[in-house]
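Here's the structure, in structure tokens; my notes come after.
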Amino acid sequence: MRCFRLVGVLVGAALLLGAAGRAGWAQSEAPREARVVTTEAAPRHAAFSRLLSRFVDERGRVDYAGLKQHAKTTLTPYLQWLGTTDPSGWTRAARLAFWINAYNAYTLKLILDHYPVRTIWALTPGPATPQKAQSPFQVPVGPVADTVRTLDEIEHAIIRVRFQEPRIHYAVVCAAKSCPPLRREAYTGPRLDAQLDAQARSFLHNTAKNRIPAGRDELALSRILKWYGSDFGPTDAALQRTLAPYFDGRVQRRLAAGAYDLRFLPYDWALNDQNDQGDE
């Protein structure tokens with residue numbers, strides 16, 4: 001009888017040790033897998049960075065003519081990687097960087113597929129105006145994470161819904177002059193917060209896109225901040241508070257207090273093309 005009890009004790013101990021071992025393995029292996037996947041993304045994003053630094057100037061304008069000649073060796077491999085990669089096991093920052101890059105890369109492809117054009121709205125049937133044309137943002141552009149997407153799906157159904165990060169509006173670029181400048185490097189998880197802050201500061205201080213302030217008691221803001229104002233807060237005052245950290249002194253204090261009246265500038269949909277002699 002004693003032997004049976006001893007065997008039972010030994011079996012129970014073995015089961016406990018096995019369970020503890022499995023738990024320890026799971027705790028150590030899951031983060032390691034996430035690290036490997038994210039690390040494997042680094043050279044892919046680096047390749048996109050090389051493309052951007054080569055074909056985007058310091059003002060965020062794109063050399064579409066030059067990029068079109070080299071797209072098969074520069075842009076296409078990156079798009080193929082986006083199409084077959086599942087970022088779901090990555091960190092939040094790495095996932096968000098992936099989807100921002102996907103939006104910007106596929107916008108470049110969409111323009112290149114139809115270049116030369118004067119505006120992204122000229123890519124779809126109908127008059128080349130945002131009010132009347134079929135939306136180019138609802139055209140399937142290609143696979144990301146093994147599913148064919150549209151630009152609207154990437155931005156509105158994935159980035160905005162899943163991440164709720166208003167600074168993405170300073171980073172996703174729809175190929176228009178009034179968009180934020182296209183960054184000359186890819187977004188990456190480890191640097192994403194600093195990159196988004198730099199984009200916000202650059203965009204908000206660009207007087208062709210925002211005038212903060214525009215006179216004593218008024219702000220003249222990009223229509224992006226009107227279209228997506230709810231992402232920044234429920235009121236005009238809440239929107240102003242999100243802008244305050246990017247300014248100093250009296251302007252910062254008034255923004256923090258939501259003290260300005262707002263108006264919104266017209267949106268220039270002309271292509272952000274280096275070869276457009278009429279560019280700002």
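Of everything in segment 140-189, what is of a type in the set (A, V, I, L, M), free of Cβ contacts under 8 Å to residues at least 40 places away in the same chain and closer than 21 Å to residue 228 by Cα? Give them in sequence order. Reasoning before the result, please.
Pass one, segment 140-189, residues of a type in the set (A, V, I, L, M): 141, 144-145, 148, 151, 154, 157-159, 161, 168, 171-173, 175-176, 182, 186.
Narrowing further to those that are free of Cβ contacts under 8 Å to residues at least 40 places away in the same chain: 141, 148, 157, 161.
157, 161, listed by residue number.
It is to be established whether one or more residues within segment 159-166 are surrounded by fewer than 22 Cβ atoms within 10 Å (Cβ to Cβ), under 20 Å from residue 67 (Cβ atoms) and touching a helix residue (DSSP H, G or I) at 6+ places or on another chain (Cβ under 6 Å). Can you show your working first?
Filtering segment 159-166 down to residues surrounded by fewer than 22 Cβ atoms within 10 Å (Cβ to Cβ) leaves 160-166.
Checking the rest, the ones that are also under 20 Å from residue 67 (Cβ atoms) come to none.
No.
Just checking, how many residues over segment 248-264 are under 15 Å from residue 220 (Cβ atoms), surrounded by fewer than 16 Cβ atoms within 10 Å (Cβ to Cβ) and under 28 Å from the mean Cα position of the chain (by Cα)?
Going residue by residue through segment 248-264, those that are under 15 Å from residue 220 (Cβ atoms) are 251, 254-255, 260-264.
Checking which are surrounded by fewer than 16 Cβ atoms within 10 Å (Cβ to Cβ) leaves us with 261, 263.
Filter once more, keeping what is under 28 Å from the mean Cα position of the chain (by Cα): 263.
Total meeting the criteria: 1.
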(message) Out of the residues in segment 124-134 meeting the condition of being touching a helix residue (DSSP H, G or I) at 6+ places or on another chain (Cβ under 7 Å) and farther than 14 Å from residue 270 by Cβ, tell me which one is modelled with the highest pLDDT.
(response) 124
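Going by the conditions given, is residue 148 β-branched (Val, Ile, Thr), at pLDDT 95 or above and touching a helix residue (DSSP H, G or I) at 6+ places or on another chain (Cβ under 8 Å)?
On the way: β-branched (Val, Ile, Thr): yes; at pLDDT 95 or above: yes; touching a helix residue (DSSP H, G or I) at 6+ places or on another chain (Cβ under 8 Å): no.
Considered against the rule, which asks whether it is β-branched (Val, Ile, Thr), at pLDDT 95 or above and touching a helix residue (DSSP H, G or I) at 6+ places or on another chain (Cβ under 8 Å), residue 148 comes out as no.
Which one of these is surrounded by fewer than 21 Cβ atoms within 10 Å (Cβ to Cβ), more than 10 Å from the chain's Cα centre (by Cα) and either basic (Lys, Arg) or closer than 28 Å to residue 41 by Cβ (or both): 117, 148?
Numbers: 117 fails: either basic (Lys, Arg) or closer than 28 Å to residue 41 by Cβ (or both).
None of the others qualify; the one that does is 148.
Of 116, 130, which residue is over 14 Å from residue 176 (Cβ atoms), assigned to a loop (DSSP other than H, G, I, E, B), touching a residue at least 40 places away in the same chain (Cβ under 8 Å) and not β-branched (Val, Ile, Thr)? Reasoning before the result, please.
Working: 130 fails: over 14 Å from residue 176 (Cβ atoms).
Result of the check over 116, 130: 116.
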(request) Please report, ordered by residue number, the helices (runs of 4 or more DSSP H) entirely within segment 144-262 with at least 3 residues that are among the hydrophobic types (A, V, I, L, M, F, W, C). (result) 192-204, 224-227, 236-243, 249-256
(request) List every residue pair whose Cβ atoms lie under 6 Å apart, where the two residues are 6 or more positions apart in sequence or sit on different chains, the first residue falls within segment 197-225 and is loosely packed, with under 14 Cβ neighbours inside 10 Å, and the second residue, located anywhere, is at pLDDT 95 or above and charged (D, E, K, R). (result) 217/261
(message) Every residue in segment 58-84 that is without any contact (Cβ under 8 Å) to a residue 40 or more places away in the chain, under 16 Å from residue 111 (Cβ atoms) and buried (at least 16 other Cβ atoms within 10 Å of the Cβ), please.
(response) 74, 75, 78
(request) Return the total of residues in segment 94-137 being in contact with a Leu (Cβ under 8 Å, 6 or more places away or on another chain), polar (S, T, N, Q) and more than 14 Å from residue 172 (Cβ to Cβ). (result) 1
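The values are calculated or read from the model by the stated rules, or taken from the named source; none is laboratory data. Everything numeric here is computed off the predicted structure, so don't read it as measured data. Backbone-built Cβ (ideal geometry, glycine too); neighbour counts: all protein chains shown.
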